[in-house]
Amino acid sequence: MVRSKECFKCKETKPLNEFYKHSQMGDGHLNKCKECTKSDATNHRLANLEKLRAYDKQRSSLPHRRDLAAKVNKLWHQEDRRRKAAHNAVTRAVKKGVLTPEPCVKCGNQKSLAHHEDYNKKLEVIWLCQPCHKIRHKEILVERSHK
């Protein structure tokens with residue numbers, strides 16, 4: 001049984017778990033490694049950003065996607081009521097001028113979001129842009145899985 005494979009793009013031989021599964025390939029895995037596939041997808045999105053944003057916007061307005069988004073949002077709020085309370089507290093504090101949004105602490109992007117490390121400390125936030133915020137939540141998942 002084949003345990004490794006050569007990526008046709010980067011020409012590196014890597015273990016099979018470094019390739020996405022693909023049922024139509026002989027060995028059941030894509031011929032391009034995950035790293036190259038992600039890079040290609042990112043580059044394609046950046047090169048076609050406006051076109052893809054318009055497509056994403058149109059797709060998100062489809063009835064079945066709107067229904068699913070509403071269900072996901074409801075579940076998200078029900079999952080942890082502390083989270084909703086913390087978000088509401090920050091929104092009120094910003095409106096009252098108690099909290100002032102700041103640039104992202106990681107990259108300096110002016111468009112930032114309030115991030116809670118602990119939802120019990122409602123007004124204790126760090127400001128992160130959307131990409132850095134996603135990265136932080138992934139880091140938190142990794143930290144929790146190592147405990």
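The values are calculated or read from the model by the stated rules, or taken from the named source; none is laboratory data. Keep in mind the model is a prediction, meaning the values are calculated, not measured. Cβ sites come from the backbone with ideal geometry, for glycine too, and all protein chains shown count toward neighbours.
Only one of these is under 21 Å from THR42 (Cβ atoms), touching a strand residue (DSSP E or B) at 6+ places or on another chain (Cβ under 6 Å), not acidic (Asp, Glu) and not assigned by TED's automatic domain parsing to the domain that holds ALA41: HIS133, HIS137. Name it. Walk me through it before giving the result.
Working: HIS137 fails: touching a strand residue (DSSP E or B) at 6+ places or on another chain (Cβ under 6 Å).
Exactly one of HIS133, HIS137 is under 21 Å from THR42 (Cβ atoms), touching a strand residue (DSSP E or B) at 6+ places or on another chain (Cβ under 6 Å), not acidic (Asp, Glu) and not assigned by TED's automatic domain parsing to the domain that holds ALA41, namely HIS133.
Mind checking which pairs have a first residue in the range 88-101 that is polar (S, T, N, Q) and a second that is surrounded by 10 or more Cβ atoms within 10 Å (Cβ to Cβ) and assigned to a loop (DSSP other than H, G, I, E, B), Cβ under 9 Å, 6 or more apart or different chains?
Going by the 9 Å Cβ cut-off, the qualifying pairs are ASN88/LYS122.
Give me a count of the residues in the range 1-20 that are within 25 Å of the chain's Cα centre (by Cα), modelled with pLDDT of 95 or more and either of a type outside the set (Phe, Trp, Tyr) or exposed (fewer than 11 other Cβ atoms within 10 Å of the Cβ) (or both).
Residues in the range 1-20 being within 25 Å of the chain's Cα centre (by Cα), modelled with pLDDT of 95 or more and either of a type outside the set (Phe, Trp, Tyr) or exposed (fewer than 11 other Cβ atoms within 10 Å of the Cβ) (or both): 1 in total.
The conditions are (1) surrounded by 10 or more Cβ atoms within 10 Å (Cβ to Cβ); (2) without any contact (Cβ under 8 Å) to a residue 24 or more places away in the chain, and LEU46 fails exactly one of them. Which is it?
Failed condition: (1).
Scan the range 52-76 residue by residue and report those that are under 18 Å from LYS134 (Cα atoms) and over 18 Å from the mean Cα position of the chain (by Cα).
Correct list: empty.
Among the residues of the range 89-147, write down those that are of a type in the set (Val, Ile, Thr), in a loop (DSSP other than H, G, I, E, B) and surrounded by 12 or more Cβ atoms within 10 Å (Cβ to Cβ).
Of everything in the range 89-147, just one residue is of a type in the set (Val, Ile, Thr), in a loop (DSSP other than H, G, I, E, B) and surrounded by 12 or more Cβ atoms within 10 Å (Cβ to Cβ), namely VAL105.
Condition check: surrounded by 11 or more Cβ atoms within 10 Å (Cβ to Cβ) and charged (D, E, K, R). Does ARG83 satisfy that? Write out each step before concluding.
Working: surrounded by 11 or more Cβ atoms within 10 Å (Cβ to Cβ): yes; charged (D, E, K, R): yes.
Spelling it out, ARG83 is indeed surrounded by 11 or more Cβ atoms within 10 Å (Cβ to Cβ) and charged (D, E, K, R).
Considering only the range 89-122, state which residues are of a type in the set (A, V, I, L, M, F, W, C), more than 15 Å from the chain's Cα centre (by Cα) and under 20 Å from TRP76 (Cα atoms).
Pass one, the range 89-122, residues of a type in the set (A, V, I, L, M, F, W, C): 89-90, 93-94, 98-99, 104-105, 107, 113-114.
Imposing the further condition that a residue be more than 15 Å from the chain's Cα centre (by Cα) reduces the set to 89-90, 93-94, 98-99, 104-105, 107, 114.
Passing the criteria: ALA89, VAL90, ALA114.
Pick from ALA85, ALA89, ALA93, ALA69: which is in the same structural domain as VAL125 (by TED's automatic domain parsing) and at pLDDT below 95?
Values: ALA89 fails: at pLDDT below 95; ALA93 fails: at pLDDT below 95; ALA69 fails: in the same structural domain as VAL125 (by TED's automatic domain parsing).
Exactly one residue qualifies, and that residue is ALA85.
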